[in-house]
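Scroll down for the structure; my scribbles are underneath it.
The values are calculated or read from the model by the stated rules, or taken from the named source; none is laboratory data. Bear in mind that the values here come from a model prediction, so they are computed numbers and not experimental data. Note: ideal-geometry Cβ built from the backbone for every residue, glycine included; neighbour counts use all protein chains shown. These area figures cover heavy atoms from the full protein model, side chains too; ligands, DNA and RNA do not enter into them. Shrake-Rupley method; radii C 1.70, N 1.55, O 1.52, S 1.80 Å.
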Amino acid sequence: MPRKGQMVVMSGPSGAGKSTLCKLLLQDPRVKFSVSATTRQPRAGEVDGRDYHFIVPEQFRALIREGAFIEHAEVHGNLYGTLRRPMDEALARGEIYLLEIDVQGANQLKALGEPGLYVFVAPPDFETLRRRLVGRATDVPEVIERRLKKAEDEYRERVKYDHVVINDDLQSSLQQIRSLVGLD
């Protein structure tokens, strides 16, 4: 299918504000969200097919073998992936296809030569990131520490992105991304 739309990839450490920024970008009808597949358990309030496609590891591995993912990665012990077909269809319709994926997935897309706008969302500092992760109260302390360690590794990858947005003020960060994507 020929591409008429634009892929926008947003990555960054857990707690940097990617999900919040994506939700705000989705208020624009020109933006369509990539619903990732994952083997992790749903969090409170998450809905299968809206937030993620929650699937068992055996089914995920079968989809990998079938070539159904444009990228996939293991993160914090769970599998995550971007399904190829919905992205191709959205781009063919001329939509902005928004992917919220980790740096492993973004690196896979870049290695495949997938054209798009790659944006890294970073916290203003790691103490702010720690406060955000603790404040959302979704993880036990051991998981928070693992996420903070992973955040250090992910932060080093920011140089591979087209743009780095420091999310110290949500509205300012949103406007910066909207401008980069061409939504203003």
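Data table
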read-out	value
Label-point separation in nm, E58 to V143, each point 7 Å along Cα→Cβ	2.5
Label point distance in nm, R178-K4, each placed 7 Å from Cα along Cα→Cβ	2.5
Residue among V47, V35, V165 with the largest mean-square fluctuation in a Gaussian network model of the chain, springs linking Cα atoms under 10 Å	V47
Among E157, E127, E89, residue whose mean-square fluctuation peaks in a GNM of the chain (springs only between Cα atoms under 10 Å)	E127
Fraction of accessible area attributable to carbon and sulfur, the chain (%, probe 1.4 Å)	51
Computed label-point distance, nm, for sites E152 and L26 using a 7 Å Cα→Cβ extension	3.3
Which labelled figure in (1) 10.3; (2) 12.6; (3) 15.8 is mean projected area of the Cα convex hull in nm², once derived from the coordinates	(1)
Heavy-atom surface of the chain, accessible at 1.4 Å and reported per residue (Å²)	51
Among S34, S11, S173: highest mean-square fluctuation, GNM of the chain, C-alpha pairs under 10 Å	S173
Extension gain, V47 back to V159 (0.36 nm per residue minus Cα-Cα distance, nm)	37.0 nm
Among Q27, F126, Q41 the positive-end extreme of the charge dipole of the chain (Cβ point charges)	Q27
